[in-house]
Amino acid sequence: QEQFVESGGGLVQPGGSLRLSCAASAVIVTDYAMGWFRQAPGKQRELVAHITTGGYTKYADSVKGRFTISRDSAKNTVYLQMNSLKPEDTAVYYCNYPWGGRFDWGQGTQVTVSS
C-alpha cells in the first residue's frame, strides 16, 4: 500500500499557480513533520518546504514567498500551494518526512512550467 499519493501537477505557464496534494495512508500527517521535495532531471532531490508537528513552516530560498505548505488533519493530506511559478520550478514533486528516508516514496506528480 502506498503511503503517499501525490497529485495536482500539470503544465502551467510562467507566473501561474498550482496546488499539489499529498494524500497519506498508514501515516498520520499531524504525527510527523512533513515535507515537499522536488527532483528536476539530472539533479538531486531537494527539500523545498516542510511543516513541523507544531505547525512551524520553513522554505528553501528558491521558493520562499511563492510556495505555501499546509495540511488538513481531517483529510490526512498535505498541500503545497505554488504561485508565481518559474521554469526552474519544473520537476517531479514528492512528499515525505523531511529528514531522511523514514517512509517509502510515492510516485510523485510532475510540474512543468513552460510557455
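The values are calculated or read from the model by the stated rules, or taken from the named source; none is laboratory data. The structure displayed is predicted, hence computed values, not measured ones. Ideal geometry is used to build each Cβ from the backbone, glycine not excepted, and the neighbour counts take in all protein chains shown. Ligands, DNA and RNA are excluded from the accessible area calculation, which covers all protein heavy atoms including side chains. Shrake-Rupley method; radii C 1.70, N 1.55, O 1.52, S 1.80 Å.
Could you tell me how many of the residues in segment 53-65 are assigned to a loop (DSSP other than H, G, I, E, B) and either in contact with a strand residue (DSSP E or B) (Cβ under 6 Å, 6 or more places away or on another chain) or open to solvent by less than 30 Å² (accessible area, probe 1.4 Å) (or both)?
Adding up the residues that qualify gives 2.
Would you please name the residue that is nearest to SER21 (Cα to Cα), looking only at residues in segment 66-96 that are open to solvent by 60 Å² or more (accessible area, probe 1.4 Å) and assigned to a loop (DSSP other than H, G, I, E, B)?
Only one residue fits best here, namely LYS75.
Kindly indicate the residue of segment 11-30 that is assigned to a loop (DSSP other than H, G, I, E, B) and open to solvent by 80 Å² or more (accessible area, probe 1.4 Å) and also nearest to GLN107 (Cα to Cα) among those meeting that condition.
So, considering only residues that are assigned to a loop (DSSP other than H, G, I, E, B) and open to solvent by 80 Å² or more (accessible area, probe 1.4 Å), the one nearest to GLN107 (Cα to Cα) is ALA26.
Say whether the condition of being in contact (Cβ under 8 Å) with a residue 40 or more places away in the chain, touching a Lys or Arg at 6+ places or on another chain (Cβ under 6 Å), open to solvent by 30 Å² or more (accessible area, probe 1.4 Å) and under 20 Å from GLY10 (Cα atoms) is met by at least one residue in segment 31-38.
For segment 31-38, residues in contact (Cβ under 8 Å) with a residue 40 or more places away in the chain, touching a Lys or Arg at 6+ places or on another chain (Cβ under 6 Å), open to solvent by 30 Å² or more (accessible area, probe 1.4 Å) and under 20 Å from GLY10 (Cα atoms): absent.
Could you tell me whether any residue of segment 97-113 is assigned to a strand (DSSP E or B), touching a helix residue (DSSP H, G or I) at 6+ places or on another chain (Cβ under 6 Å) and modelled with pLDDT of 95 or more?
yes
For segment 92-108, enumerate the residues that are touching a Phe, Trp or Tyr at 6+ places or on another chain (Cβ under 8 Å) and aromatic (Phe, Trp, Tyr).
If the condition is that a residue be touching a Phe, Trp or Tyr at 6+ places or on another chain (Cβ under 8 Å) and aromatic (Phe, Trp, Tyr), then TYR93, TYR94, TYR97, PHE103, TRP105 are the ones that fit.
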